[in-house]
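The values are calculated or read from the model by the stated rules, or taken from the named source; none is laboratory data. Predicted, not measured: the structure shown is a model, and the values here were computed from it. All Cβ positions, even for glycine, are placed from backbone atoms using ideal geometry, and neighbour counts span all protein chains on display. Accessible surface areas use protein heavy atoms only, side chains included; no ligands, DNA or RNA. Shrake-Rupley method; radii C 1.70, N 1.55, O 1.52, S 1.80 Å.
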Amino acid sequence: MVSAAADRSGQETGAGAGERADGPATAPPEERLGALADAVGGFDRRSARLARVIAATGARPVGSLGRLDEIGWQVAGILRTHRVRPLPVVVSVLAGDHGVAGHGVSAHRPDSTARLFAEIVAGQAPVCALAARAGGRVEAADLGIRTDTGDRRYKIGNGTADISRADAMTFGQALDAIEAGARFARDAFPAGTLAACGEIGVGNTTSATALAARLLGADPRDLVGKGSGVGEETVGRKARLVEQALERTAGLGADPVRQLAALGGYELCGNVGAVLAAAARGCLVVLDGCMTAVSAVIACRLCPAVRDYLVASHVSTEPAHRMLLEELGLRPVLDLEMRLGMGSGAALAAGPVNAVLAVTELTAASKSPPAASPSGAVRTADPSESERR
């Protein structure tokens, strides 16, 4: 189902673009970004180790559920207790339009984002069915759709400029959109939620690919994919536009927010803030596709501690997506060659994630924790990075 918050389009809730819960808009950018990063708490490795040790005392071999077991131990570290439980599921869909869509880079018309957004709000989109199947709800927000959707709660602008010719937005707008995404997450995700992050925006795979190439230092020709299902001619056009955007911004520097302003979109900015704020609320942050992955890379550049809160739901058919997951050190739960977007992969992965948490909860309820040393540490070695993931 779509939540009531998504149905209240047009009603102002919380701070608007000019009134921030995070502080005044006149604060220096580094202070505004620092407030978001500093709010992310430390991952509790002792609870993660304890959950792993208790699992080893159960009726099945430790790690026998493979990647899912690792997520169970990760959730223990996030919740700061070995007694994990299945998590409430909230799927978020942030929306924005892209000027580069005017070049025909998508199978959708440039004005289709507003229609897709309306279908999500009405509960008629595929992600709504997937979220309901996982026992969750969908929260949608317009951060930058070109037309008036009636949802002004977090809106920053009316579409971006064409990145092949000009910066997508100003640095200030990018920062505003990051903070809007953080406010959205604080409103949408209760503490301890499975926060499944998604997006919509016609043309946003072009922007995300340009960002990925800049962030990873990769050849854009190796990253451009079919996006919404376009043909080879359109893929070639996308590649040329990405190359033009990268040539135009060659002297931009390494600041990820300035790169985001030059090449990104309002929904991509919003998901940077949403990832940061969801981690600060102690949520398991489940990423959807290429666009949320590029936002997560930027969030981790701003706050490396965010990495401990992330799960990759799936790997899509976009070549850039796999490279972004490698940069994050994440392995996908699913590999189904999906390219639907709108948080669908994240919603679909909520099922197996919560299934293993139910198994972990059952094991923890039937076993006593092992003895601790005088210092309080569990008598076991730290799990490796792969075991914790």
If only one of Gly181, Gly264 is under 21 Å from the mean Cα position of the chain (by Cα) and either modelled with pLDDT under 95 or within 23 Å of Asp308 (Cα to Cα) (or both), which one is it?
-> Gly181
So which residues in region 225-239 are open to solvent by 20 Å² or more (accessible area, probe 1.4 Å), touching a residue at least 60 places away in the same chain (Cβ under 8 Å) and not charged (D, E, K, R)?
-> Ser228, Gly229, Thr234
Which residues, counting only those in region 160-214, are surrounded by fewer than 24 Cβ atoms within 10 Å (Cβ to Cβ), in a loop (DSSP other than H, G, I, E, B) and polar (S, T, N, Q)?
-> Ser164, Thr170, Thr193
What residue, among those in region 113-127 that are in a helix (DSSP H, G or I) and open to solvent by less than 10 Å² (accessible area, probe 1.4 Å), is farthest from Asn158 (Cα to Cα)?
-> Val127
Can you name the residue in region 220-233 that is outside any helix (DSSP H, G or I) and closer than 16 Å to Leu263 by Cα and, of all such residues, is modelled with the highest pLDDT?
-> Leu223
Lone unmet requirement of (1) in a helix (DSSP H, G or I); (2) at pLDDT 90 or above for Val40 | (1)
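Is it the case that Val311 is part of a strand (DSSP E or B) and either over 12 Å from the mean Cα position of the chain (by Cα) or in contact (Cβ under 8 Å) with a residue 60 or more places away in the chain (or both)?
Working: part of a strand (DSSP E or B): yes; either over 12 Å from the mean Cα position of the chain (by Cα) or in contact (Cβ under 8 Å) with a residue 60 or more places away in the chain (or both): yes.
Criteria met by Val311.
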Hey, can you tell me all the residues within region 120-168 that are closer than 19 Å to Glu179 by Cα and of a type in the set (Asp, Glu)?
-> Glu139, Asp142, Asp151
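Filter region 60-96 for residues that are without any contact (Cβ under 8 Å) to a residue 60 or more places away in the chain and over 30 Å from Ala208 (Cβ atoms); which is nearest to the chain's Cα centre (by Cα)?
Only one residue fits best here, namely Thr81.
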Do we find a residue being open to solvent by 10 Å² or more (accessible area, probe 1.4 Å) and not in a helix (DSSP H, G or I) anywhere in region 264-274?
-> no
Has region 312-328 got at least one residue that is open to solvent by 20 Å² or more (accessible area, probe 1.4 Å), farther than 30 Å from Ser47 by Cα and among the aliphatic types (A, V, I, L, M)?
-> yes
Contact list, first residue from region 323-334 and within 17 Å of Asp308 (Cβ to Cβ) and in contact (Cβ under 8 Å) with a residue 40 or more places away in the chain, second anywhere and assigned to a loop (DSSP other than H, G, I, E, B) and open to solvent by less than 50 Å² (accessible area, probe 1.4 Å), beta-carbon distance below 9 Å, six or more apart or interchain, is Gly329/Arg389; Leu330/Arg389; Arg331/Val315; Arg331/Arg389; Val333/Ser313
Across (1) at pLDDT 95 or above; (2) open to solvent by less than 40 Å² (accessible area, probe 1.4 Å); (3) part of a helix (DSSP H, G or I), Asp69 clears everything bar (1)
Those residues of region 345-389 which are under 28 Å from Leu268 (Cα atoms) and either modelled with pLDDT of 90 or more or not in a helix (DSSP H, G or I) (or both) amount to Gly345, Ala346, Ala347, Leu348, Ala349, Ala350, Gly351, Pro352, Val353, Asn354, Arg389
Count of residues meeting criterion [touching a helix residue (DSSP H, G or I) at 6+ places or on another chain (Cβ under 6 Å) and surrounded by 19 or more Cβ atoms within 10 Å (Cβ to Cβ)] in region 45-58 | 6
How many residues of region 43-61 are in a loop (DSSP other than H, G, I, E, B), of a type outside the set (Asp, Glu) and under 23 Å from Leu310 (Cβ atoms)? The answer is 1
Would you check which residues across region 72-111 are open to solvent by 10 Å² or more (accessible area, probe 1.4 Å), assigned to a helix (DSSP H, G or I) and within 22 Å of Val235 (Cβ to Cβ) and list them?
-> Gly99, Gly102, His103
Are any residues in region 314-344 within 26 Å of Ala191 (Cβ to Cβ), small (Gly, Ala, Ser) and assigned to a helix (DSSP H, G or I), and if so, which ones?
-> Ser344
Pairing a residue in region 99-120 that is over 10 Å from Gly203 (Cα atoms) with any residue that is open to solvent by 60 Å² or more (accessible area, probe 1.4 Å) and modelled with pLDDT of 95 or more, where Cβ atoms lie under 6 Å and the two sit 6 or more apart in sequence or on different chains, gives Ala114/Thr147
